[in-house]
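What follows is a single structure, written as C-alpha cells, with notes after it.
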Amino acid sequence: MKNNIRVERAILRISQQELADKIGVTRQTVNAIELEKFVPSAVITMKMSAIFGKPVNDFFYLEESDWGNAVRE
C-alpha cells in the first residue's frame, strides 16, 4: 500500500513527532508508515483522516499487487 503522508504533513507544516503525538503513536511508527514498511490499523488511518481533514483514500492507496487473488468490482 502506497501513501503520501509526508506530503500531507508538509501541507499542515507538522513534524513526524507532532503527527505521532496527535494520533497516539511513536515518531518511529509514523516514519515506518511513510516509508511503507508498516501498514497502520484502521483506527490510526481514521485518526489521520480527521487530522488531515481528508478521506483515507486521499492519502493511502492500493497498488495492483495489493489485490492478490481478490476480486474487485
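The values are calculated or read from the model by the stated rules, or taken from the named source; none is laboratory data. Since we're looking at a predicted model, the values are computed, not measured. Here the Cβ positions follow ideal geometry from the backbone for every residue, glycine too, while neighbour counts run over all protein chains shown. Ligands, DNA and RNA are stripped out before the accessible areas are found, and what is left, the full protein with its side chains, is counted by its heavy atoms. Shrake-Rupley method; radii C 1.70, N 1.55, O 1.52, S 1.80 Å.
So the values come out like this:
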quantity: Whole-number percent relative contact order across the chain, with pairs defined as alpha carbons under 8 Å at least 6 apart; calculated: 40 percent
quantity: Carbon and sulfur %, accessible surface of the chain computed with the full protein complex present, 1.4 Å; calculated: 52 percent
quantity: Alpha-carbon Debye profile of the chain, log10 I(q)/I(0) at 0.15, 0.17, 0.23 Å⁻¹; calculated: -0.48, -0.61, -1.04
quantity: Approximate spin-label separation residue 72-residue 11, in nm, with each point projected 7 Å along Cα-to-Cβ; calculated: 2.2 nm
quantity: Å² per residue, accessible surface of the chain at 1.4 Å; calculated: 67 Å²
